[in-house]
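*Asks:* Below is the structure I would like to discuss, written out as structure tokens.
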Amino acid sequence: MSKYEYIPEPALVKGNHDFASLTKLVTDVNLRPTPKPWYAAMLLANAFLGVFLIAVGYLIWEGTGVWGLMNPVGWGWAIINFVWWVGIGHAGTLISAILFLFRQDWRTAINRFAEAMTIFAVICALMFPGIHVGRIWVIYWVFPIPNQMGMWPNFNSPLLWDVFAVSTYFTVSLLFWYVGLIPDLATLRDKATDKIRKFSYGLFALGWTGSNRAWWNYEKAYMILAGLATPLVLSVHTIVSFDFAVSMIPGWHTTIFPPYFVAGAIFSGFAMVLTLMIVARKIYGMEDIMTNDHMEKMNIIIMVTGSMVGFAYMMEFFIAWYSGVEYEKAIFILRATGPYAWAYWIMMTCNVLSPQFFWFKKLRTSVGFTFFISIVVNIGMWFERFVITVTSLANDYLPSSWDYYSPTIWDVLTYVGTFGIFFTLFLAFLRFLPMVAIAEIKAVLPQADPHNYDEETQEFHPHVVEVPQPKAETV
Amino acid sequence: MSHKPTITDNLTFPADSKLPQILFGVGAVGIILSVIGYFVNHDQFFFSYLVSFTFFTGIALASVFMVMFHHITKSKWGTLVRRIPETFGANIWIWAIFIIPVILGMHNLYHWSHEEAVATDKILKAKSAFLNPTFFIIRQVIYFALWGFVGRKLYKASVELEKTGDWGVTTLMRKVSAPAIPLFALSIAFAGFDWLMSLDPHWFSTMFGVYFFAISFQSFWAVMILMVFFLHQKGLLTNTIGQPHIYDLGAWLFAFTIFYAYIAFSQFLLIYYANLPEETLWFYDRLEGGFQYIAYGLLIFRFAFPFLVLLNRERKHQKKVLMLVATVVLVIHYLEIYWIVMPAMHSEDAHGLDFSWIDITTFLGLGGIFFGLFFNTFKKNSMIPENDPKLEECLEKTYHQ
């Protein structure tokens, strides 16, 4: 007997499913009549959306003075929320593009879902740079558009690079999501019985027939988009980190920022996917597809990226001391002990400590605990951006100009309102589009593997792994 | 099922091969010549030695890292070639003796090790809690104890799995790897600080640990590629390690080429952009006196060339292309470490880029021993981890256009 137990790979789809039952499970959500609780949820989301519109309306009417910005803290909740939402918007494309390139088949259960979340999160993020300028009617000046004044945005500024990076990311993510949807839209078109559904799903299915030729082209396109999306996943948050790191502000100017921001973004994105997944799979009965094994794998990713963020915090702290630069040293001590120490310790607890619980198998396979940690992580990541943005500005080089920053009610309402945008879009997605990539999940069923068919009789025999009996030790 | 892949190759490295002896011979000659070099020019010897030592140690560390990741992700792509990095890792505990010259040469290498220099330097005084000879030696002992232990343990576990066919050992492998990964991340970062960053003791960069990891990892894939083709050249595993497995190695080299460029460029850009004198000085010293040619070479041969060549899918498995790219990457990897280390030596006399014959003898000396140890261990067991649960799937891999 072995000293250790061999743990075989778990099946990706639980339950006794075949192709037809999976299709039915997923498409029924879109084809059956709208359930009443959905209307209730949508109404609530719309209420928050209304809050957002009021907050933004007042902002445009009155000007950015309604926010808590002051001297010396010229960047406040707007940039924090922007970075937070963009960070969340990293998981989807990571799951669908990078995990695709790494041939991680488990991604098929959550990729559609996570990509939708990505796109909506990026929309929420884009609201903030969109509304933060005092004269919103000239927001198009952020783009380098030739004009009679000969006036251009500052190409040396990472804020402009951000405009390019985030808008490219959004475009490619949207395309990637749409390309992946095409075969499933065709499935919905074929299943739909009423004219409106048939027409609208059919319109966006682009005449998909499921022929060999269509699949061949589709897979090429998907591969190319995955290849294009992969560097974008990394570049977006890298550029966001440049917004801070190219400056000379202590606590902002540090070379580890790019990979550290990317790790943090993946960390928060996976947490958000988990928050949504745990609720959605329960409501829609998708536990056979989005299994606890998926949850465990995602928890491990959260643990790894959380530890990478912890590694970066340590490096920053160590080098601040090692550098011997007075201002660097001072800002890190001020963060931990100064006026914003409460925010700093929330960040440390939520980001570095909380994911370490996932070292225990019991905890990372517990649904309730995972749900709790997934929310804790996103609170922590919000505070990380708060700590970075506010502490470094509030306590700058001149102690005589130090001041304490507080948000106003309009900062809070704008932020809370973005959840209205997010959930309005997300609920619409759950209702009208297949939340699981049907065609892709079928490909990871054992029935899809030609090795599992007897060549002569054409009978299906699921692959059984036989664990060999260990030989006596001969080393 | 009738699809079970069969292995037709002989799976052990020829036991009568004289390769380890030849390599040890080369190593011995190189070391003897280097010792002569020591008496000719103390400083040159220690700096040349540090370049070669970092070069080979980095490859061994990346090997163990790769093995740990392979276990923890339950990967199957690299099961066939896993014995190669495992064997590099198995010998780190012996390789540890080669840190001794670095410790002996501390006064020649590291400005911060001179008490009288620290006494008059406010900045160095402030860091002396970290940068002092005693703690430096303690850290080296900790690093090599950790690396040697984990490398050996994972090799032993893999051999045990091969001999007994006990799949439960895979659980042990994961139990060792999981906690060792964060420890490796920290120790590699701090080794980068100790060996390379503290050569310019005033300079600092939070990215430097990741940067050391990135350069070592990119060159590790180049070593893997050359190693597989070397085995093929000897007629070994020619029917076992095939196109799909070589393609994966090519893809990894491509991926880590981009990762390297990302890390190195981010570090450069952020320092360049903020333009703070205490940070830019490091790059300033490396962009003059002939060192600028290496810096431009990094851009071209470490990123642009491998990136453009390997972008095409078909080229990621072509033997000639991969061998060329891998060789170029290893040469430029050596030059990059040279470029990091050597300006520190010439900081006072400032006569710039000046290659020495001791660079070559230390490289041959350490390289001979490094690969001698490798082949000496490699021929003791099978060249692939037989009986591994993932081996069958790995053998079954096919290459799709």
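*Asks:* Hey, among A:L25, A:L59, which residue is hydrophobic (A, V, I, L, M, F, W, C), in contact (Cβ under 8 Å) with a residue 12 or more places away in the chain and within 22 Å of A:G134 (Cα to Cα)?
*Replies:* Sole residue among the options that is hydrophobic (A, V, I, L, M, F, W, C), in contact (Cβ under 8 Å) with a residue 12 or more places away in the chain and within 22 Å of A:G134 (Cα to Cα): A:L59.
Conditions tested, residue by residue: (1) of a type outside the set (A, V, I, L, M); (2) modelled with pLDDT under 90; (3) within 29 Å of B:F254 (Cα to Cα).
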residue	(1), (2), (3)
A:A97	no, yes, yes
A:L101	no, yes, yes
A:C124	yes, no, no
A:I139	no, yes, no
A:V142	no, yes, no
A:V172	no, no, yes
A:L175	no, no, yes
A:L188	no, no, no
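*Asks:* Can you name every residue in the stretch B:206-253 that is within 14 Å of chain A (Cβ to nearest Cβ) and either of a type in the set (D, E) or closer than 22 Å to B:V51 by Cα (or both)?
*Replies:* B:T206, B:M207, B:F208, B:G209, B:V210, B:Y211, B:F212, B:F213, B:A214, B:F217, B:D248
*Asks:* Looking only at the stretch B:123-135, how many residues end up being touching a helix residue (DSSP H, G or I) at 6+ places or on another chain (Cβ under 9 Å), in a helix (DSSP H, G or I) and within 14 Å of chain A (Cβ to nearest Cβ)?
*Replies:* Going through the stretch B:123-135 one residue at a time, the tally reaches 5.
*Asks:* Could you tell me whether any residue of the stretch A:343-359 is modelled with pLDDT of 90 or more, farther than 30 Å from A:V273 by Cβ and not polar (S, T, N, Q)?
*Replies:* Scanning the stretch A:343-359, I find no residue that is modelled with pLDDT of 90 or more, farther than 30 Å from A:V273 by Cβ and not polar (S, T, N, Q), so the answer is no.
*Asks:* Check A:L181 against each of (1) among the aliphatic types (A, V, I, L, M); (2) touching a residue at least 60 places away in the same chain (Cβ under 8 Å); (3) touching a helix residue (DSSP H, G or I) at 6+ places or on another chain (Cβ under 7 Å) and name the one condition it does not meet.
*Replies:* (3)
*Asks:* Answer with yes or no whether A:I331 is more than 12 Å from every other protein chain (Cβ to nearest Cβ), crowded, with 17+ Cβ neighbours inside 10 Å and either in a helix (DSSP H, G or I) or in contact with a Cys (Cβ under 9 Å, 6 or more places away or on another chain) (or both).
*Replies:* Against the criterion (more than 12 Å from every other protein chain (Cβ to nearest Cβ), crowded, with 17+ Cβ neighbours inside 10 Å and either in a helix (DSSP H, G or I) or in contact with a Cys (Cβ under 9 Å, 6 or more places away or on another chain) (or both)), A:I331 qualifies.
Each row is one residue, and each column tells you yes or no for (1) at positive phi; (2) without any contact (Cβ under 8 Å) to a residue 12 or more places away in the chain; (3) of a type in the set (A, V, I, L, M); (4) surrounded by 20 or more Cβ atoms within 10 Å (Cβ to Cβ).
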residue	(1), (2), (3), (4)
A:H237	no, no, no, yes
A:F242	no, no, no, yes
A:G251	yes, no, no, yes
A:P259	no, no, no, yes
A:I289	no, no, yes, yes
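*Asks:* Could you run through the stretch A:230-278 and say how many residues are within 14 Å of chain B (Cβ to nearest Cβ) and not in a loop (DSSP other than H, G, I, E, B)?
*Replies:* So the answer is 23.
*Asks:* Does any residue of the stretch A:64-77 turn out to be crowded, with 18+ Cβ neighbours inside 10 Å, touching a helix residue (DSSP H, G or I) at 6+ places or on another chain (Cβ under 9 Å), of a type in the set (S, T, N, Q) and in contact (Cβ under 8 Å) with a residue 12 or more places away in the chain?
*Replies:* no
*Asks:* Based on what the data block shows, is B:D166 of a type in the set (D, E), surrounded by 17 or more Cβ atoms within 10 Å (Cβ to Cβ) and either more than 12 Å from chain A (Cβ to nearest Cβ) or under 18 Å from the mean Cα position of the chain (by Cα) (or both)?
*Replies:* For B:D166, the condition - of a type in the set (D, E), surrounded by 17 or more Cβ atoms within 10 Å (Cβ to Cβ) and either more than 12 Å from chain A (Cβ to nearest Cβ) or under 18 Å from the mean Cα position of the chain (by Cα) (or both) - is not met.
*Asks:* Just wondering, is there one or more residues in the stretch B:338-345 that are buried (at least 19 other Cβ atoms within 10 Å of the Cβ), of a type outside the set (G, A, S) and closer than 30 Å to B:R82 by Cα?
*Replies:* The answer is yes; a qualifying residue exists.
*Asks:* Another one. Given the conditions (1) modelled with pLDDT of 90 or more; (2) more than 23 Å from A:F429 (Cβ to Cβ), report the number of the one that A:M290 does not fulfil.
*Replies:* Single failed check for A:M290: (2).
*Asks:* Might you let me know whether the stretch A:391-405 holds any residue that is in contact (Cβ under 8 Å) with a residue 24 or more places away in the chain and within 14 Å of another protein chain (Cβ to nearest Cβ)?
*Replies:* Yes, the conditions are met somewhere in the stretch A:391-405.
*Asks:* Considering the stretch B:182-192 alone, what residues qualify as being surrounded by fewer than 23 Cβ atoms within 10 Å (Cβ to Cβ) and facing chain A (nearest Cβ under 8 Å)?
*Replies:* B:P182, B:A185, B:L186, listed by residue number.
*Asks:* Turning to a different aspect of this structure: Of the residues B:V35, B:V67, B:V118, only one is surrounded by fewer than 22 Cβ atoms within 10 Å (Cβ to Cβ), in contact with a Lys or Arg (Cβ under 7 Å, 6 or more places away or on another chain) and part of a helix (DSSP H, G or I); which?
*Replies:* B:V118
*Asks:* Same structure again: Report whether or not A:Y222 is modelled with pLDDT of 90 or more, in contact with a helix residue (DSSP H, G or I) (Cβ under 7 Å, 6 or more places away or on another chain) and of a type in the set (S, T, Y).
*Replies:* Judged against the criteria, A:Y222 is a match.
*Asks:* Any idea how many residues of the stretch B:254-268 are of a type in the set (A, V, I, L, M), in contact with a helix residue (DSSP H, G or I) (Cβ under 8 Å, 6 or more places away or on another chain) and either under 20 Å from B:I7 (Cα atoms) or facing chain A (nearest Cβ under 10 Å) (or both)?
*Replies:* Residues in the stretch B:254-268 being of a type in the set (A, V, I, L, M), in contact with a helix residue (DSSP H, G or I) (Cβ under 8 Å, 6 or more places away or on another chain) and either under 20 Å from B:I7 (Cα atoms) or facing chain A (nearest Cβ under 10 Å) (or both): 2 in total.
The values are calculated or read from the model by the stated rules, or taken from the named source; none is laboratory data. Note that the structure is predicted; figures quoted are calculated from it, not measured. Heads up, the Cβs are rebuilt from the backbone with ideal geometry, glycines too, and the neighbour counts pull from every protein chain shown.
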